[in-house]
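Encoded as structure tokens, the structure appears first; notes follow it.
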Amino acid sequence: MKIAIANDHAAVELKNKIMEYVKELGHEVINYGTDSLESCNYPEFGEKAARAVAGKEADCGILICGTGVGISIAANKVKGIRAAVCSEPVTARLVKEHNNANIIAFGARIVGEETAREIVKAYLEAVFLGGRHKMRVDMIAQMEERF
Ligand code: RB5
């Protein structure tokens, strides 16, 4: 799969480790930055990766900021994006199986490298279960049409 990845200054080091891990798992990574430790604004980078996923340039995305929250809120403003913050692998599996999340987010100040790797692996290996879950995800898409 093609995986879009983006982060703010709080997560450069973890992003670099996760990019290598995602490649080890056999995927292609598209890096939307930042690669600088200078203070920056997470919405800018979250939006770039989210637009890549929404525009089908990438199959899914991984976003990392201090907590994972700010960058996921920004990504969720892009039509078609379902970004979910995951701090452990069970949630990471379930957001794919039940919510068909097309982006996961986590916090470099919240999870360590080992947990981050487990989160990424659980998400990338999971499959959307469809059925009643599809009906609910479709309801979320319909909400976007009402705005
Ligand atoms: C940056 O200091 C921090 O606010 C950001 O990385 C993130 O945690 C926001 O949600």
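The values are calculated or read from the model by the stated rules, or taken from the named source; none is laboratory data. Just so it is clear, the model here is predicted, and its values are computed rather than measured. Quick reminder, even Gly has a Cβ in these numbers, built from the backbone with ideal geometry, and neighbours come from all protein chains shown. For accessibility, only protein heavy atoms count, side chains too; no ligands or nucleic acids. Shrake-Rupley method; radii C 1.70, N 1.55, O 1.52, S 1.80 Å.
Residues are listed down the side, and each one gets a yes or a no for (1) under 23 Å from Leu25 (Cα atoms); (2) within 14 Å of the ligand (Cβ to nearest atom); (3) charged (D, E, K, R); (4) modelled with pLDDT of 95 or more:
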{"residue": "Leu63", "(1), (2), (3), (4)": "yes, yes, no, yes"}
{"residue": "Val95", "(1), (2), (3), (4)": "yes, no, no, yes"}
{"residue": "Ile103", "(1), (2), (3), (4)": "yes, no, no, yes"}
{"residue": "Lys121", "(1), (2), (3), (4)": "yes, no, yes, yes"}
{"residue": "Phe147", "(1), (2), (3), (4)": "no, no, no, no"}
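Go through Lys77, Lys2, Lys56 for me and flag whichever is among the charged types (D, E, K, R) and in contact with a Pro (Cβ under 9 Å, 6 or more places away or on another chain).
Lys77
Within region 32-54, the set of residues being open to solvent by less than 60 Å² (accessible area, probe 1.4 Å) and hydroxyl-bearing (Ser, Thr, Tyr) comprises Tyr32, Thr34, Ser36.
Look at (1) closer than 21 Å to Ile73 by Cβ; (2) in contact (Cβ under 8 Å) with a residue 24 or more places away in the chain and you find that Glu13 fails only one, number (1). Applying a threshold of 8 Å to beta carbon distances and a minimum spacing of six or more residues, or different chains, the list of pairs starting in region 36-54 at a residue that is acidic (Asp, Glu) and ending at one that is open to solvent by 40 Å² or more (accessible area, probe 1.4 Å) reads Glu38/His9; Glu47/Lys77. Tally up the residues in region 123-147 that are open to solvent by less than 50 Å² (accessible area, probe 1.4 Å) and of a type outside the set (Gly, Ala, Ser), please. Within region 123-147, residues that are open to solvent by less than 50 Å² (accessible area, probe 1.4 Å) and of a type outside the set (Gly, Ala, Ser) number 4. Among the strands (runs of 3 or more DSSP E) lying completely within region 55-122, list those that include at least 1 residues that are open to solvent by 30 Å² or more (accessible area, probe 1.4 Å). In region 55-122, 83-85 are the strands (runs of 3 or more DSSP E) which contain 1 or more residues that are open to solvent by 30 Å² or more (accessible area, probe 1.4 Å).
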